[in-house]
Amino acid sequence: MTFYETKLKGCFILQPNVFNDERGYFFESFNKERFNKGIGARVNFVQDNQSFSTKGVVRAIHYQLREHAQAKLVRVLSGRVLDVAVDLRNDSPTFGDHISIELSDDNKRQLFIPRGFGHGFVTLSETAEFFYKCDNYYNKEAEGGIIYNDDTLKIDWKLSHDEIKVSEKDLVLPKLSKARL
C-alpha cells in the first residue's frame, strides 16, 4: 500500500497493491501496523459502517464534536463516489479548505480522514456501496454538519443541481460560519 498525504495535513490517500490474474484480483485493504506506520500516527478503529446510495445522493458534510470526534478510513465496495473532506480544525492553516477524490471499486483507493474534519460524498454511478472504519463510536448528541452547498466551501460535487438528492435532515444544516465546531 502506498500512502500520499494530501494538502490537508494528516489526510491521506491510500493506494493498495492489487494483484490481478485470470481468476480476478486480491489486495490487502487494511493492516493496522502498516496503516499506522503509513500515516505516522496510532489509530485504533472501533466501528465499521456501510451505506448504499443511488446516483446523485449527497451524504454531507458530517462530523462528531470534541471528545466524540472520529477519524475515518473510507472506501467504495461497488460503484463510484466523489469523496470530500473539509478541514474544521480551528487552529489549522487550512481551516475551511477541502479535498475531493474519486473513490471507486475500480481504483480501490481509500481516504484517511483524521479527527477534526467534516466528511461527505456524492454517488456518481447508478449505485454505490460505501464502507468506512471509525476510531470512535457514533454519538447522536455530538453530531454536527454543514450544508453541502455552502458557497464559502465552493465544493464541486460534479453533478448538476437537478441530479443531486439530499435528505431533509441535511438540507437544514448550517453554513460553515454558523456551524457548531
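Worth pointing out:
- The residues of the stretch 61-70 that are hydrophobic (A, V, I, L, M, F, W, C) and surrounded by 24 or more Cβ atoms within 10 Å (Cβ to Cβ) amount to a single one, I61.
- Qualifying residue in the stretch 138-160 (condition: of a type outside the set (A, V, I, L, M), out of contact with any strand residue (DSSP E or B) (no Cβ under 8 Å at 6 or more places or on another chain) and within 17 Å of F30 (Cα to Cα)): no
- Filter pass, T6 being under 30 Å from K178 (Cα atoms) and not hydrophobic (A, V, I, L, M, F, W, C): yes
- Enumeration of residues in the stretch 18-68 that are over 21 Å from K140 (Cβ atoms) and among the charged types (D, E, K, R): D21, E22, R23, E28, K32, E33, R34, K37, R42, K55
- Hits in the stretch 114-146 - residues which are β-branched (V, I, T) and farther than 18 Å from S53 by Cβ: I146
- Scanning the stretch 70-92 for residues that are in contact with an Asp or Glu (Cβ under 9 Å, 6 or more places away or on another chain) and touching a residue at least 60 places away in the same chain (Cβ under 8 Å) yields Q70, A71, K72, L73, L82, V86, D87.
- Test: residue in the stretch 27-44 that is aliphatic (A, V, I, L, M), crowded, with 18+ Cβ neighbours inside 10 Å and under 21 Å from L176 (Cα atoms): no
- All conditions but one from (1) in a loop (DSSP other than H, G, I, E, B); (2) in contact with a helix residue (DSSP H, G or I) (Cβ under 6 Å, 6 or more places away or on another chain) apply to F3; the one that does not is (1).
- Looking at the stretch 16-59, the strands (runs of 3 or more DSSP E) lying wholly inside it that each contain 1 or more residues that are modelled with pLDDT under 95 and over 17 Å from the mean Cα position of the chain (by Cα) sit at 19-21, 24-26.
- G145 surrounded by 20 or more Cβ atoms within 10 Å (Cβ to Cβ), of a type in the set (G, A, S) and within 26 Å of L65 (Cβ to Cβ): no
The values are calculated or read from the model by the stated rules, or taken from the named source; none is laboratory data. None of the values given here were measured: they were computed from a predicted structure. Methodologically, a virtual Cβ is constructed for each residue, glycine included, from the backbone with ideal geometry; neighbour enumeration extends over all protein chains shown.
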